[in-house]
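**Student:** Starting off with a structure, shown below.
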Amino acid sequence: DISRAYFNAKTSPDDPVYVELPPEANPKPGTCALLKRHMYGTRRAAEGWQDEYSSRLIEAGFVQGIASACVFHHPARKIAVSVHGDDFVTLIPRSGAGSFIDGISKHMLVKVRGIIGPRQYGDHPGLHEIRILSRLVTWVIGAMGQPDEIHLEADPRHVDMIMSQVRLG
């Protein structure tokens, strides 16, 4: 999770953004402020944020997805990243997690909500869970030589909404 994501993106001098100053700033009548960084609620904020994180990832050797501009991969480091708003969901070898987090933390305030993985990551042998974007992601250790699995479960609230809409619940 990137704290204050939109404030990381610089505004363009070719497309200036002016805002009215709040009353507590005691502005002189008719004055406003020129933003140097994007702010939530401005028209170009989301686009500026996407430009910011995309350029940072590409500079670090990531390749941007063709079908989705919010998906990236790093071929040499075997890292996949999906970005949804200010949330980064990353599939990464255990050995590279620290350097990825350190690299992005040099430019932005990062809050790691959790890491799931094999037994050594979780408190419960064979199972570890985390909620990502209202979805439950579970790491299941394979039994008797079987490969590990990652299970993704939709937000259970969606089931309730659908059941209600079709009058089954």
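The values are calculated or read from the model by the stated rules, or taken from the named source; none is laboratory data. All values reported here derive from a predicted model rather than from experimental measurement. All Cβ positions, glycine included, derive from the backbone under ideal geometry; neighbour counts span all protein chains shown. Remember, those area values only see protein heavy atoms, side chains included, never the ligands or the DNA or RNA. Shrake-Rupley method; radii C 1.70, N 1.55, O 1.52, S 1.80 Å.
**Student:** Of these, S95, S12, which one is over 13 Å from the mean Cα position of the chain (by Cα) and either of a type in the set (D, E, K, R) or under 30 Å from I116 (Cβ atoms) (or both)?
**Tutor:** The match here is S95.
**Student:** Does the stretch 16-23 include one or more residues that are open to solvent by 40 Å² or more (accessible area, probe 1.4 Å) and under 13 Å from the mean Cα position of the chain (by Cα)?
**Tutor:** Scanning the stretch 16-23 turns up no residue that is open to solvent by 40 Å² or more (accessible area, probe 1.4 Å) and under 13 Å from the mean Cα position of the chain (by Cα).
**Student:** Please verify whether the stretch 56-79 includes one or more residues that are of a type in the set (K, R) and under 24 Å from V17 (Cα atoms). Full working, then the answer.
**Tutor:** Going residue by residue through the stretch 56-79, those that are of a type in the set (K, R) are 56, 77-78.
Going one step further and asking which of them are under 24 Å from V17 (Cα atoms), we end up with 56.
Taking every residue of the stretch 56-79 in turn, at least one turns out to be of a type in the set (K, R) and under 24 Å from V17 (Cα atoms).
**Student:** Taking the stretch 41-81 as the region of interest, how many residues are surrounded by fewer than 15 Cβ atoms within 10 Å (Cβ to Cβ), in a helix (DSSP H, G or I) and touching a strand residue (DSSP E or B) at 6+ places or on another chain (Cβ under 9 Å)?
**Tutor:** Qualifying residue count, the stretch 41-81: 1.
The rows are residues; the columns are (1) modelled with pLDDT under 90; (2) under 17 Å from T90 (Cβ atoms).
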position	(1), (2)
V17	yes, no
G41	yes, no
E47	yes, no
L57	no, yes
I66	no, no
H74	no, yes
